[in-house]
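A short worksheet on the structure shown next.
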Amino acid sequence: MSAGTAWVPDLAAALERASVRAEQEAPMGAQTTYRVGGAAALLVTVESIEEVEALAASIDQFDEAPLMVLGQGSNTLVSDAGFAGVVVQLGAGFNYQHVDGSRVSLGGASPLPVAARRVAAMGRAGFEWAVGVPGSVGGAVRMNAGGHGSEMGESLVEASVFSLSRRRIATRTTPSLELGYRHSNIGPREVVIEAILDLADGDPVTSKARISEIVSWRREHQPGGQNAGSVFVNPPGDHAARLVEACGLKGHRLGGAEVSPKHANFIQADADAPARDVIALMALVRDRVAEEYGVRLHTEIRLVGFEDDFGLPGEEG
């Protein structure tokens, strides 16, 4: 254990006394869709508001401990060195979907594809698009996730957000979240506990058919395997995938990472690939597009624990 993580045993013990589940040196690959990267110093899983409150009270005594909140890990790349801090995840206690008239309550840990299917089956329409986004409801609020002509902000009414710093929960209306393209003002020490949507009356059969269309389109146009979806934000008036392909990089390989032959804005990782290959390929693609077209691409991927300066906007750690 390095000097920078000397706090881990004491915090783990404090969480154990509070009956909050915590795992030391937890492999992070299994927590992300890239399935690569090192370990987190401490992975904490909370199952109730009471456990979130206990976590906030415990971590308040360890100011030196870096912290990040993680959903399904579908837009995250963790370095091979891992993350020398606390990773907070919502557990199964926050995976729920309730319908009351036009209002739909979704727990922050609800996987979007599951929530989309269940909401449709309960007769509400307008959330079918979420079946094609492999993230969580909490992450979708934080990033204003979207696809297939819609995004979270279009139906979101409010979100319950717990501040680990202030140790309290607040109801945040959609305007107060300042949602933009893959953006909100939710801070790194805030956890989206619940989202409330306003959805129209729907026909489950019609919604199911729309969901099937989206799933089929995704299978036809986007690769499966180990990736985190679109790597780069589309620049104004253009598409990142077009620029990458125009540079002749579609299918380009660097070590255990490859620009997908199916979609040029996806970077795949081999089963045994190191994270450094993925981020190095991201940097190569960004630099080549800048050199040939004068466009600097910005990544959508959340980068955690990287010390080398790849100059990729959005890097954390």
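I'm trying to understand the selection: among the residues of segment 5-45, which are at pLDDT 95 or above, small (Gly, Ala, Ser) and either assigned to a helix (DSSP H, G or I) or in contact with a strand residue (DSSP E or B) (Cβ under 6 Å, 6 or more places away or on another chain) (or both)?
ALA12, ALA13, ALA14, ALA22, ALA26, GLY37, ALA39, ALA40, ALA41
I'd like the residue in segment 88-128 that is among the β-branched types (Val, Ile, Thr) and out of contact with any helix residue (DSSP H, G or I) (no Cβ under 6 Å at 6 or more places or on another chain) and, out of all such residues, is nearest to VAL20 (Cα to Cα). Outline the logic, then answer.
Within segment 88-128, the first condition is being among the β-branched types (Val, Ile, Thr), and the residues that meet it are 88, 99, 104, 114, 119.
Retained after the next criterion (residues that are out of contact with any helix residue (DSSP H, G or I) (no Cβ under 6 Å at 6 or more places or on another chain)): 88, 99, 114, 119.
Working: VAL88: 11, VAL99: 30, VAL114: 26, VAL119: 30 Å.
Per the stated criteria, the residue is VAL88.
Check SER212, SER207 and return the single one that is in contact with a strand residue (DSSP E or B) (Cβ under 7 Å, 6 or more places away or on another chain), part of a helix (DSSP H, G or I), at negative phi and at pLDDT 95 or above.
Working: SER212 fails: in contact with a strand residue (DSSP E or B) (Cβ under 7 Å, 6 or more places away or on another chain).
Answer to the check: SER207.
Can ALA125 be described as assigned by TED's automatic domain parsing to the domain that holds ILE214, in contact with an Asp or Glu (Cβ under 9 Å, 6 or more places away or on another chain), surrounded by fewer than 22 Cβ atoms within 10 Å (Cβ to Cβ) and not hydroxyl-bearing (Ser, Thr, Tyr)? So that I can check it myself, show each step before the final result.
On the way: assigned by TED's automatic domain parsing to the domain that holds ILE214: yes; in contact with an Asp or Glu (Cβ under 9 Å, 6 or more places away or on another chain): yes; surrounded by fewer than 22 Cβ atoms within 10 Å (Cβ to Cβ): yes; not hydroxyl-bearing (Ser, Thr, Tyr): yes.
So ALA125 fits the description; yes.
I need every pair where a residue in segment 206-217 that is among the aliphatic types (A, V, I, L, M) has its Cβ under 6 Å from the Cβ of a residue that is assigned to a helix (DSSP H, G or I), sequence separation at least 6 or different chains.
ILE211/GLU128; ILE211/VAL131; ILE214/VAL131; ILE214/GLY132
Restricting attention to segment 161-180, does a residue exist that is outside any loop (DSSP other than H, G, I, E, B), touching a residue at least 24 places away in the same chain (Cβ under 8 Å), farther than 30 Å from ASN234 by Cβ and of a type in the set (Ser, Thr, Tyr)?
Step one: list which residues in segment 161-180 are outside any loop (DSSP other than H, G, I, E, B), which gives 161-163, 168-173, 175-177, 180.
Within this subset, residues satisfying the condition of being touching a residue at least 24 places away in the same chain (Cβ under 8 Å) are 161-163, 169, 177, 180.
From what's left, farther than 30 Å from ASN234 by Cβ: 162-163, 169.
From what is left, the residues that are of a type in the set (Ser, Thr, Tyr) are 163.
Scanning segment 161-180, I find at least one residue that is outside any loop (DSSP other than H, G, I, E, B), touching a residue at least 24 places away in the same chain (Cβ under 8 Å), farther than 30 Å from ASN234 by Cβ and of a type in the set (Ser, Thr, Tyr), so the answer is yes.
Checking the conditions here, which among GLY311, GLY202, GLY255, GLY294 is at pLDDT 95 or above, at positive phi and in contact with a helix residue (DSSP H, G or I) (Cβ under 8 Å, 6 or more places away or on another chain)? Break it down into steps so the answer makes sense when it comes.
Numbers: GLY311 fails: at pLDDT 95 or above; GLY202 fails: at positive phi; GLY294 fails: in contact with a helix residue (DSSP H, G or I) (Cβ under 8 Å, 6 or more places away or on another chain).
After applying the criteria, what remains is GLY255.
Evaluate the following for SER230: is it more than 24 Å from ALA120 (Cα to Cα) and either in contact with a Lys or Arg (Cβ under 6 Å, 6 or more places away or on another chain) or touching a residue at least 40 places away in the same chain (Cβ under 8 Å) (or both)? Let's see the steps before the verdict.
On the way: more than 24 Å from ALA120 (Cα to Cα): yes; either in contact with a Lys or Arg (Cβ under 6 Å, 6 or more places away or on another chain) or touching a residue at least 40 places away in the same chain (Cβ under 8 Å) (or both): yes.
Yes.
The values are calculated or read from the model by the stated rules, or taken from the named source; none is laboratory data. Note that the coordinates shown come from a computational prediction; the quantities given were computed from them, not determined experimentally. Using ideal geometry, Cβ is built from the backbone for each residue, glycine included, and neighbour counts are taken over all protein chains shown.
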